[in-house]
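Here is the structure we will look at.
The values are calculated or read from the model by the stated rules, or taken from the named source; none is laboratory data. As the structure is a computational prediction, the values presented were derived from the model and not from experiment. All Cβ positions, glycine included, derive from the backbone under ideal geometry; neighbour counts span all protein chains shown.
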Amino acid sequence: MKLRLAALAVVTLLSACKATGQLTPENGGGVYAVRSSCPIAGIPAGTGDITLFNPPASKVSTAIDVTAAITDLRSTCQDAGNDVVSTVTFTVVGLRRDAGPARQVVLPYFDVALRGGAQIEAKQVGQAGLNFAAGDIHAWTRVQATIRVNRGAATLPENVRAILTRPRKAGEAEAAVDPLSDPAVQKAVANATFEHLVGFELTQDQIKYNATR
């Protein structure tokens, strides 16, 4: 599945002894920003909703059987040891057309570690069960998913770190050059940037429906 992602703004990795947003007179009043090795949590566009039809072949609104959405995505990160452990929790809320007898609907979801905005390093597919009570059209469940990222893979090489953290003073020629304009630096930063993504594991027809509805 191709994951359509918004472009990520990469913040510069600077010394951990500086606080985010701290003004530094030694480099001419620049601002330090701290880059975390923790993956960025998110839901790829077009994968946060799912629609089931009855009959399945129909795509008209009157045939909609169950709809569900992923909401309230939250993440925690354990940034210690050899691995960086990212855990996300999210809520799946569902709505069925008919308030009939008790019913369970199981929806597949993916849990992905994405590197550099394009490369899937690991993927799992889980199942979220929505239990509709008799006579109720609403149901919800809370889901948890975890990925591990090797700390070395999420750490910038020392030479790239030195380029990004080198003090620059106003008036110097290099002060006006963004270090991220260097393709080698861009690639190194991308390779050390991970995302923790979750969404519904959709069929091709479901992807098309989400894109065109």
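For this structure, a couple of remarks:
- Checking every residue in region 186-205 against the condition of being out of contact with any Lys or Arg (no Cβ under 9 Å at 6 or more places or on another chain) and modelled with pLDDT under 85 gives at least one match.
- A search for C-beta distances below 7 Å between a residue of region 64-90 that is touching a residue at least 40 places away in the same chain (Cβ under 8 Å) and any residue that is acidic (Asp, Glu) and part of a strand (DSSP E or B), counting only pairs 6+ apart in sequence or on different chains, returns PHE90/ASP72.
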